[in-house]
Amino acid sequence: MMKRHTVKELQSMIADHSASSQEIYKIYNKRIRAMNDSINAFISIESNEYSSDDKQPDSEISGVPYAVKDIFCSEGDQTTCGSKMLSDFVSPYDATVVKNLREKGTVILGKTNMDEFAMGSSNETSFFGNVNNPWDLERTPGGSSGGSAAAVAAGMAPIALGTDTGGSIRQPAALTGITGLKPTYGRCSRFGMIAFASSLDQAGILSISAEDSAIFLEHMAGYDEKDSTSSSETVPKYTDFLNDDLTGKVVGLPKEFFDGSLDSRFQELVTDSICEYEKMGVKFKDISLPNIKYSVPTYYVVAPAECSSNLARYDGVRFGHRSTDGEDLDAFYKRTRKEGFGQEVKRRIITGTYVLSAGYYDAYYLKAQKVRQLINQDFLDAFKQVDFIMGPTTQQSAFKLGEKVDDPVSMYMNDIYTISSNLSGVPAISHPIGFVDKLPFGLQIIAPHFKEHELLNIAHKYQMVTDWHLQTPEICKEMD
Amino acid sequence: MSIDKSDIEHLCNLSKLNLDDEEQSVFLSQMQSILDMIEELQEVDTGDIEPMAHPLQMTQRLRDDEVTEFNDREKYQNNTDFVEDGFYKVPKVIE
């Protein structure tokens, strides 16, 4: 049982009684305790989720354990968002996605490490220390859902929840050799998910296989009256679409994603995966997304603006860190926020305040929202001719910890391929396509709004004929 | 667009955030490179483009004006020690 298991495998073990859900839970719990010192994937570890007389709901995922990014509220649990500001915060209620999964009988293994308030691409902004990539402990697992990605890659959890505002599921999935799905904006409720940039944030899944994501998404997604931006679009049974024929499907390759800037060894992996898809009857077509080059600057206006507004709630009064200094209310707020937030969060609050401040609103924020419309229009136009868009998920594999930490702009460029789907709201998935120097690399596939079922199917079909997603880091083998 | 130390101080005040001197000087150069990066947006012709505030074209839903949440004050106030008689405590505001 010490090898990595997919949700699919756990389901059949529970069904044929070869392992009880309690036994499975204990094995993962033990494994987390044994590995967390070297990987630091978890901020808090649950242990009392089960008593033997718990009556489990009858569902296909009943008894399946999972890890939760520490950005989701889960009732009675510490929920830190990777920040000193919330290091003592205990959620009084469940986020809707957690509640949905709880009602289906899944159990939480623990809360995973992340960049502070999900702001970062390397997990180095966490107040609880960086996460180490299971493929090479001196490298980053990516971010901001780095703890969730590392946990799944190392077999500390079969599947994990993450959030994706600019690439925070897909980039760490690519850097740790697993599958990461960012659903359409509004597909999953944001209620109880600590807000960073509300028009971009979306809950999603990090898993070994696309099939596992398909199994979980059905139970997570759906309209929530507590989130007015959640969509009332029907949630399909995603697993029904797995194995649909791909013959005749058309994939667009944007010239902006293939501008020659990718290292040739990574380019080779992308080309190989395209060949694999061609064998399945997929057709490829060159396309252009002319405004996509403005994605990063657009994002770094919109996201900090929304962040500065959302993070105004951390004032030390009702919850969270509270300064013991401060002679008057104004000084108290300022000290509380100085002490509670880390550097990256402060930088984004100040950037956001700048682009929203009197005299700059039109020049920056309104301008960025207009460019965002153009980027969105590029996607809508492209999807009139193609069913999917493909390209690399990242420009490089996992980089060394500390390498980019002092250079925010270079760190921001990590998300160059992923940000545009958040701006447009379209769903996207990253799946592993091979290794360079023993480090995994990922392919990103983007689909039109609410076509998660097609996205999961195409990635699943690839995973049926390849085994990159089943490769396991050495550190897991040492555990056996 | 270039910014200086007094801009940073003004922004700190607007965002209710103290920075020490070292943070201020690091932020100043980092903010400058972030602003240079976002300056690129000015070259885009956005003429009569409608700004995009939300990824899905949807209108705000309305619900009936009925009580759906009940007072859970004690539960929510468990997240701070600075509560008295059901009120949150802050530094003195009125002399």
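The values are calculated or read from the model by the stated rules, or taken from the named source; none is laboratory data. Just so you know, these numbers come straight off a predicted model, no measurement behind them. Ideal geometry is used to build each Cβ from the backbone, glycine not excepted, and the neighbour counts take in all protein chains shown.
At a glance:
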{"item": "Wholly within segment A:362-443, helices (runs of 4 or more DSSP H) carrying at least 2 residues that are of a type outside the set (D, E, K, R) and over 21 Å from the mean Cα position of the chain (by Cα)", "result": "A:367-382"}
{"item": "Candidates A:Asp245, A:Asp272, A:Asp315, A:Asp286 - the one that is modelled with pLDDT of 95 or more and assigned to a helix (DSSP H, G or I)", "result": "A:Asp272"}
{"item": "Failed item in (1) surrounded by 14 or more Cβ atoms within 10 Å (Cβ to Cβ); (2) modelled with pLDDT of 95 or more; (3) in a loop (DSSP other than H, G, I, E, B); (4) not basic (Lys, Arg), with B:Cys12 passing the rest", "result": "(3)"}
{"item": "Answer from A:Gly76, A:Gly147, A:Gly129 - the residue that is in a loop (DSSP other than H, G, I, E, B) and either more than 19 Å from the chain's Cα centre (by Cα) or buried (at least 24 other Cβ atoms within 10 Å of the Cβ) (or both)", "result": "A:Gly76"}
{"item": "Filter result (of a type outside the set (A, V, I, L, M, F, W, C) and either free of Cβ contacts under 8 Å to residues at least 40 places away in the same chain or within 30 Å of B:Met58 (Cβ to Cβ) (or both)) within segment A:413-430", "result": "A:Asp415, A:Tyr417, A:Thr418, A:Ser420, A:Ser421, A:Asn422, A:Ser424, A:Gly425, A:Pro427, A:Ser430"}
{"item": "A:Asp330 within 8 Å of chain B (Cβ to nearest Cβ), surrounded by fewer than 16 Cβ atoms within 10 Å (Cβ to Cβ) and either in a helix (DSSP H, G or I) or among the acidic types (Asp, Glu) (or both)", "result": "yes"}
{"item": "Qualifying positions in segment A:273-292 - over 14 Å from A:Lys255 (Cα atoms) and either surrounded by 14 or more Cβ atoms within 10 Å (Cβ to Cβ) or of a type outside the set (Asp, Glu) (or both)", "result": "A:Ser273, A:Ile274, A:Cys275, A:Glu276, A:Tyr277, A:Lys279, A:Met280, A:Gly281, A:Val282, A:Lys283"}
{"item": "Of all residues in segment B:22-45 being under 18 Å from B:Ser6 (Cα atoms) and of a type in the set (D, E, K, R), the one that is nearest to the chain's Cα centre (by Cα)", "result": "B:Glu23"}
{"item": "Only one of A:Val64, A:Val98 that is buried (at least 17 other Cβ atoms within 10 Å of the Cβ), over 22 Å from A:Gly320 (Cβ atoms) and aliphatic (A, V, I, L, M)", "result": "A:Val64"}
{"item": "Breaking point among (1) modelled with pLDDT of 95 or more; (2) more than 7 Å from chain B (Cβ to nearest Cβ), for A:Ile349", "result": "(2)"}
{"item": "Selection count, segment B:21-53, where residues are exposed (fewer than 14 other Cβ atoms within 10 Å of the Cβ), at the interface with chain A (Cβ under 8 Å from one of its Cβ atoms) and not in a helix (DSSP H, G or I)", "result": "2"}
{"item": "Test for A:Thr324: is it surrounded by 23 or more Cβ atoms within 10 Å (Cβ to Cβ), more than 8 Å from chain B (Cβ to nearest Cβ) and either in a loop (DSSP other than H, G, I, E, B) or more than 26 Å from the chain's Cα centre (by Cα) (or both)", "result": "no"}
{"item": "In segment A:368-412, the residues that are in contact (Cβ under 8 Å) with a residue 40 or more places away in the chain and within 24 Å of A:Leu356 (Cβ to Cβ)", "result": "A:Ala368, A:Gln369, A:Val371, A:Arg372, A:Leu374, A:Ile375, A:Asn376, A:Pro408, A:Met411, A:Tyr412"}
{"item": "Positions within segment A:374-390 being of a type outside the set (Phe, Trp, Tyr) and farther than 26 Å from B:Glu43 by Cα, in sequence order", "result": "A:Lys384, A:Gln385, A:Val386, A:Asp387, A:Ile389, A:Met390"}
{"item": "Verdict on A:Gly260 being away from chain B (no Cβ under 12 Å), surrounded by fewer than 14 Cβ atoms within 10 Å (Cβ to Cβ), modelled with pLDDT of 95 or more and at positive phi", "result": "no"}
{"item": "Filter result (away from chain B (no Cβ under 14 Å) and either among the polar types (S, T, N, Q) or over 20 Å from A:Ala459 (Cα atoms) (or both)) within segment A:180-225", "result": "A:Met193, A:Ala195, A:Phe196, A:Ser207, A:Ser209, A:Ser213, A:Gly222"}
{"item": "Test result for A:Lys461, among the basic types (Lys, Arg) and either over 18 Å from A:Ile178 (Cβ atoms) or part of a loop (DSSP other than H, G, I, E, B) (or both)", "result": "no"}
{"item": "Segment A:56-73: number of residues that are in a loop (DSSP other than H, G, I, E, B) and touching a residue at least 60 places away in the same chain (Cβ under 8 Å)", "result": "7"}
{"item": "Output for segment B:70-93, where each listed residue is over 16 Å from A:Val90 (Cα atoms), more than 7 Å from chain A (Cβ to nearest Cβ) and under 26 Å from the mean Cα position of the chain (by Cα)", "result": "B:Val83, B:Phe87, B:Lys89, B:Lys92"}
{"item": "Subset of segment A:457-480 that is among the hydrophobic types (A, V, I, L, M, F, W, C) and touching a strand residue (DSSP E or B) at 6+ places or on another chain (Cβ under 7 Å) - its residue that is surrounded by the fewest Cβ atoms within 10 Å (Cβ to Cβ)", "result": "A:Trp468"}
{"item": "Of the criteria (1) more than 14 Å from chain B (Cβ to nearest Cβ); (2) in contact with an Asp or Glu (Cβ under 9 Å, 6 or more places away or on another chain); (3) not small (Gly, Ala, Ser), which one A:Asp272 fails", "result": "(2)"}
{"item": "Complete set of residues in segment A:82-140 that are within 28 Å of A:Gly63 (Cα to Cα), in contact with a Ser or Thr (Cβ under 9 Å, 6 or more places away or on another chain) and hydrophobic (A, V, I, L, M, F, W, C)", "result": "A:Phe89, A:Val90, A:Ala95, A:Val97, A:Val98, A:Val107, A:Ile108, A:Met114, A:Val131"}
{"item": "The listed residue being over 30 Å from A:Pro297 (Cα atoms) and acidic (Asp, Glu), out of B:Asp45, B:Asp81", "result": "B:Asp81"}
{"item": "Counted residues, segment A:184-199 - those being more than 21 Å from A:Thr112 (Cα to Cα) and either crowded, with 23+ Cβ neighbours inside 10 Å or among the aliphatic types (A, V, I, L, M) (or both)", "result": "4"}
{"item": "Which listed residue, of A:Ala154, A:Ala160, is under 10 Å from the mean Cα position of the chain (by Cα) and over 24 Å from A:Val302 (Cα atoms)", "result": "A:Ala160"}
